[in-house]
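Nothing in this text is a laboratory measurement; each read-out follows from the coordinates by a stated rule. Everything numeric in this text was worked out from a predicted model, so none of it was measured. Cβ atoms come from the backbone with ideal geometry, glycine included; neighbour counts cover every protein chain shown.
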Amino acid sequence: MKQRILFVDEDQSVLDGFKRVLYKMRSKWDMDFASTSEQALEKMENGSFNAVVASLHMTGISGIQLFEILQESHPETARVFVSDSGEMKTLIEALGTAHQFLVKPVDPVILKNTILRVMALREYLQDNHLKAVINKIKSLPTQPEIHLELLQAISTESIREIGKIIEKNPSIAAKILQLVNSPFFGLKSHINSIFQAVALLGVDTLKALVLSLEIFSKFQVSGSLSKELDEIFSHSIDVASYARLIANEISHRREVANDAFMGGLLHDTGRLILLSCQTEIYYKIKYRYDHQPAAARLPLWQIENEILGVDHSKIGAYLLGLWGLPEIYVEVAAYHHTPTAYFSRQFSAVTAVHIADAIKHMETDDKESRVDFSLRLDLPHLDPLDLTSVVPSFITSINRLKELQPSDR
Ligand SMILES: [Fe+2]
Ligand SMILES: [Fe+2]
């Protein structure tokens with residue numbers, strides 16, 4: 001079946017331009033065009049679209065208002081914004097309602113690839129209910145006091161100190177990486193360091209971003225939820241630093257090490273989504289995981305598959321992909337349990353995060369059990385890379401790192 005895409009812009013020449021550059025896609029896409037938000041809403045009433053690509057600036061119902069309406073009435077539809085100006089203020093305003101951002105004049109290749117990527121994601125996650133739930137997410141959960149802490153740091157601290165705070169918060173890091181890696185910034189290679197991202201955004205934009213995240217965050221964090229959130233954050237931060245160390249030891253390339261760190265920070269995004277949007281199911285899964293016989297423990301993702309029919313790797317990868325994050329982070333989230341399924345047979349950030357995650361689970365969840373550590377490792381991926389026998393040396397290096405850098409969390 002053809003994918004249905006609606007383009008909305010009050011400038012007819014822009015719509016004509018879209019038609020022209022996407023002409024060759026007409027065998028795969030059923031494309032429709034509207035010159036006002038009102039007309040777009042009418043068309044949506046008569047049949048749903050897989051994606052809407054709309055201009056931000058429109059008289060009458062604005063692009064942001066249109067997407068706010070669609071977010072509630074048609075959450076299954078992917079929302080791509082096109083800004084006329086490249087103004088940072090408008091981008092921040094749109095962050096809660098749009099999944100991806102483009103800026104005029106739209107590069108035809110970027111336009112086509114953005115839509116292709118969004119369409120591929122529709123096939124990737126089959127569960128329509130979950131898809132609609134994830135499509136409505138404005139931001140990931142975080143402790144409420146973080147916004148205040150960050151705002152204070154932005155006014156008084158250096159970029160380094162601000163970056164250090166964000167590096168300990170996967171939810172805010174994800175939103176910042178979404179912003180700096182959008183076509184808005186037009187960068188040739190992706191940003192894989194929070195410090196670079198903070199420097200690029202500048203103090204004023206960062207402040208506006210943190211304030212908008214505070215407004216988006218509907219998730220009430222208290223009591224046991226707060227403890228869970230702390231646990232996922234703490235796990236993600238450790239996996240990030242272990243993965244960076246492993247990537248440094250194997251690849252000696254800063255790019256791979258940075259990707260391993262950021263990928264590690266975001267690898268369990270799916271767990272954050274389950275905790276904030278499917279809280280009951282999250283606890284059901286956790287209960288089953290925590291009450292397994294010590295000698296035969298299943299990994300969390302297998303229990304998720306049994307209960308939910310899908311696991312957190314897929315859920316997280318879907319959101320990161322929808323938000324247009326660099327592909328390597330989507331791939332780390334998707335394949336961190338099963339790197340054999342990843343297309344690359346080479347060592348990559350995916351491999352580093354997989355090993356780091358297994359080591360972290362061994363340190364925490366498997367402490368009391370007699371589970372063989374190698375069961376957590378994807379040996380068909382690691383053996384051809386000659387990495388299986390090296391894993392103990394990573395554990396030694398990680399322990400040395402911990403002695404040198406006592407955790408300040
Ligand atoms: Fe995981
Ligand atoms: Fe994990």
Fully extended, how many nm does the chain gain between residue 69 and residue 290 (0.36 nm per residue separation, minus their Cα-Cα distance)? 75.5 nm
Give me 193, 222, 55 ranked fewest to most by other Cβ atoms within 10 Å of their Cβ, as a rough exposure proxy. 222, 193, 55
Fully extended contour minus Cα-Cα distance, from residue 26 to residue 343, at 0.36 nm per residue: 111.2 nm
Among the trypsin sites (Lys or Arg not before Pro) in segment 105-205, which ones are in a DSSP loop with at most 11 other Cβ atoms within 10 Å of the Cβ? Mind listing them? 188
Can you classify segment 3-124 as rounded, prolate or oblate using the Cα gyration tensor, where a ≥ b ≥ c are the square roots of its eigenvalues, rounded means a/c under 1.5, and otherwise it's prolate if a/b beats b/c and oblate if not? rounded
Residues listed by number, segment 265-308, amide nitrogen under 20 Å from residue 230 label point at 7 Å toward C-beta: 271-273, 275-276, 283, 286-287, 290
Take the Cα pairs of segment 223-404, get the Kirkwood Rh, then feed it into Stokes-Einstein at 20 °C and 1.002 mPa s and tell me D in µm²/s. 130
Paired Rg and Dmax values of segment 145-216, which use every Cα atom, in angstrom: 11.4, 35
With bins 20 Å wide starting at 0, give me the P(r) of the chain over every alpha carbon pair, in whole percents. 27, 56, 17, 0
Under the helix-only model (-39500 (n - 2.57) for each DSSP H run of 4 or more, divided by the residues of the chain), the mean residue ellipticity at 222 nm, to 500 deg cm²/dmol, is -18500 deg cm²/dmol
Expressed in nm to one decimal, what extension gain is obtained for the pair residue 200 and residue 109 from 0.36 nm per residue of sequence separation less their Cα-Cα distance? 30.3 nm
In nm, spacing of pseudo-spin labels at residue 215 and residue 397 (7 Å Cα→C-beta vector): 4.5
